[in-house]
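> Take this structure, written in structure tokens, and hold onto it; I'll ask about it next.
Every number here is computed from the coordinates shown, using simple stated rules; none is lab data. Small disclaimer: the values here were computed from a predicted structure and weren't measured. Cβ atoms come from the backbone with ideal geometry, glycine included; neighbour counts cover every protein chain shown.
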Amino acid sequence: MVAAGSGLQCLQAGLMNQSFGAYLAVLQAERGWSKTALSGAAALQQAEAAILGPVLGWIIDRFGPQGMIRAGVVVFGLGLIALSFTESLAAFYAAFVVIALGSSLCGFFPLNVALINWFERWRARALSSLSLGLALGGMLVPAVAWSLQSFGWRATALASGVIAIVAGLPLAMMIRRRPEDHGETVDGMAQPKASTTVTPAVLEADPRRDFTVHEALRTSAFWLLSLGHGFALLVVHAVTVHAITHMNQGLGYSVAQASLVFTLLTVSQIGGVAVGWVIGERYDKRMIAAACMLMHMAGLLLLTYAVALPMVLAFALLHGIAWGLRGPFMQAIRADYFGRSAIGMILGLSVMIIVIGQVGGPLIAGILADATGNYRAGFTLLALLAGLGSIFFVLARRPEPPRRARA
């Protein structure tokens, strides 16, 4: 399941999510649409995910993620195919509504919930391995950029849709619901036998009871983690959407050269994932996340004010490592804090908050770029907000587990 989920992440990241910046540069040149208008499509995609988040969380908790993920692969592929036939900005937005729906059904959120239900002791390691797919998908960006320049965006989108369905469906078929439904156990480890001796301490409380949705919402940790995650995505999504255009129009690199910088970013992201794989179970995840926020800030400032290639390369290293290290911990921390019984709904409600960064990052960068003629003001503001966001993780201490009498 980890390998299959990683493969699905790779397909989505490589064919659209991380390649969107290359599409943006080509479409702006060919169709003359503004940066703000094109950024709106990315914002629409994230807003749709936020609206659907609680509904999808309830469905996953009730029925499991497996059917949703299979349907999502098909919808995502059909959205890419529809994109290849668009002639107007309205049709472009309509295609992205379909792509967004597919991404919501088979993407980061349901795949993380699926693995959270199968892992506890090695949860951070499993989720870090899953995120490897996002990093590997970034390595496909130069190939997509080459295809955009060689065959055009229509042929590239059409081929991407077919590849998404043909390669994605077999992977989606490997996703299963909870281990208990298949005669398995969490982490694959034998569960301890229940004791026949009932002590007063056992009668009084079971400290390992999972949080309900309402109990999680009443903790400060839920809100602080969501805000920290959202502030991180201000930078992540702005870079994904606008970095290639900034390097192309602001720094003088070609689309192909800028895409190669994304390859280095991806390699760095893989390095960050590997570090998280090793240290995720040993150190405080929230403090690691706080440090990563400062790396996001420093990396984006280097890209914004780059006057030489080493500054651009340093951006790719810092941003990639921070993204790869921090990303998997966002879901792992929530599962560690609140348990897995209602994790689908808890994560779904979190999406409604983190959408601040998913939507705001690309829009802020695009609007200020259209107003000022470059990305400096927008990128600087987003970098400083990411640095501020580190405070949220520092303050997000683990809440006391709710207590329940055991018969």
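> Which numbered condition trips up SER220, out of (1) crowded, with 19+ Cβ neighbours inside 10 Å; (2) of a type outside the set (D, E, K, R); (3) over 18 Å from the mean Cα position of the chain (by Cα)?
Result: SER220 passes all but (1).
> Quick one: how many residues across region 55-82 are buried (at least 18 other Cβ atoms within 10 Å of the Cβ), on the phi < 0 side of the Ramachandran plot and among the small types (Gly, Ala, Ser)?
Looking only at that region, the number is 5.
> Let me ask something additional. In region 206-228, how many are assigned to a helix (DSSP H, G or I) and either charged (D, E, K, R) or over 14 Å from PHE338 (Cβ atoms) (or both)? If you could, list the steps in order and put the result at the bottom.
Quick first cut of region 206-228, residues assigned to a helix (DSSP H, G or I) only: 213-217, 220-228.
Remaining after also requiring either charged (D, E, K, R) or over 14 Å from PHE338 (Cβ atoms) (or both): 215, 227-228.
Selection size over region 206-228: 3.
> Taking the condition of being assigned to a helix (DSSP H, G or I), touching a residue at least 24 places away in the same chain (Cβ under 8 Å) and aliphatic (A, V, I, L, M), how many residues in region 299-317 meet it?
7
> Among the residues of region 259-266, are any part of a helix (DSSP H, G or I), of a type outside the set (Ser, Thr, Tyr) and free of Cβ contacts under 8 Å to residues at least 40 places away in the same chain? Outline the logic, then answer.
Here is the first cut: in region 259-266, the ones part of a helix (DSSP H, G or I) are 259-266.
Checking the rest, the ones that are also of a type outside the set (Ser, Thr, Tyr) come to 260-262, 264-265.
Pick out the ones that are also free of Cβ contacts under 8 Å to residues at least 40 places away in the same chain and you get none.
No, the conditions are met nowhere in region 259-266.
> So which of TYR337, TYR283 ends up being under 24 Å from SER220 (Cα atoms) and without any contact (Cβ under 8 Å) to a residue 60 or more places away in the chain? Spell out the reasoning first.
Values: TYR337 fails: without any contact (Cβ under 8 Å) to a residue 60 or more places away in the chain.
From the options TYR337, TYR283, the qualifying one is TYR283.
> Within region 360-407, can you find the residues that are touching a Phe, Trp or Tyr at 6+ places or on another chain (Cβ under 7 Å) and assigned to a loop (DSSP other than H, G, I, E, B)?
ARG398, PRO399, PRO402
> Another question about this same structure. Among the helices (runs of 4 or more DSSP H) contained in region 57-127, which hold 1 or more residues that are in contact (Cβ under 8 Å) with a residue 12 or more places away in the chain and closer than 21 Å to LEU325 by Cα? First the steps, then the outcome.
Values: elements: 66-83, 89-106, 108-116.
Where helices (runs of 4 or more DSSP H) fall fully within region 57-127 and carry at least 1 residues being in contact (Cβ under 8 Å) with a residue 12 or more places away in the chain and closer than 21 Å to LEU325 by Cα, they are 108-116.
> Might you let me know whether region 328-350 holds any residue that is of a type in the set (Lys, Arg), crowded, with 16+ Cβ neighbours inside 10 Å and either touching a helix residue (DSSP H, G or I) at 6+ places or on another chain (Cβ under 6 Å) or not in a loop (DSSP other than H, G, I, E, B) (or both)?
Kept after step one, since they are of a type in the set (Lys, Arg), are these residues of region 328-350: 334, 340.
Of the ones still in play, those that are also crowded, with 16+ Cβ neighbours inside 10 Å are 334, 340.
After this cut, where a residue has to be either touching a helix residue (DSSP H, G or I) at 6+ places or on another chain (Cβ under 6 Å) or not in a loop (DSSP other than H, G, I, E, B) (or both) as well, the list is 334, 340.
Yes; the residues of region 328-350 include at least one that is of a type in the set (Lys, Arg), crowded, with 16+ Cβ neighbours inside 10 Å and either touching a helix residue (DSSP H, G or I) at 6+ places or on another chain (Cβ under 6 Å) or not in a loop (DSSP other than H, G, I, E, B) (or both).
> Could you count how many residues in region 133-143 are among the hydrophobic types (A, V, I, L, M, F, W, C) and surrounded by fewer than 24 Cβ atoms within 10 Å (Cβ to Cβ)? Walk me through it before giving the result.
Pass one, region 133-143, residues among the hydrophobic types (A, V, I, L, M, F, W, C): 134-136, 139-141, 143.
Now restrict to residues that are surrounded by fewer than 24 Cβ atoms within 10 Å (Cβ to Cβ): 136, 139-140, 143.
Result for region 133-143: 4.
> Next question. Of all residues in region 374-407 being of a type in the set (Phe, Trp, Tyr) and within 22 Å of ARG334 (Cα to Cα), which is surrounded by the most Cβ atoms within 10 Å (Cβ to Cβ)? First the steps, then the outcome.
Initial filter on region 374-407 (of a type in the set (Phe, Trp, Tyr)): 375, 379, 392-393.
From what is left, the residues that are within 22 Å of ARG334 (Cα to Cα) are 392-393.
Working: PHE392: 22, PHE393: 28.
Across region 374-407, the extreme among qualifying residues is PHE393.
> Looking at this structure, is GLY32 free of Cβ contacts under 8 Å to residues at least 40 places away in the same chain, at positive phi and surrounded by fewer than 17 Cβ atoms within 10 Å (Cβ to Cβ)?
Against the criterion (free of Cβ contacts under 8 Å to residues at least 40 places away in the same chain, at positive phi and surrounded by fewer than 17 Cβ atoms within 10 Å (Cβ to Cβ)), GLY32 qualifies.
> Here is a further query. Tell me which residues, restricted to region 357-373, are touching a Leu at 6+ places or on another chain (Cβ under 9 Å), surrounded by fewer than 22 Cβ atoms within 10 Å (Cβ to Cβ) and not aliphatic (A, V, I, L, M).
GLY360, the sole residue that qualifies.
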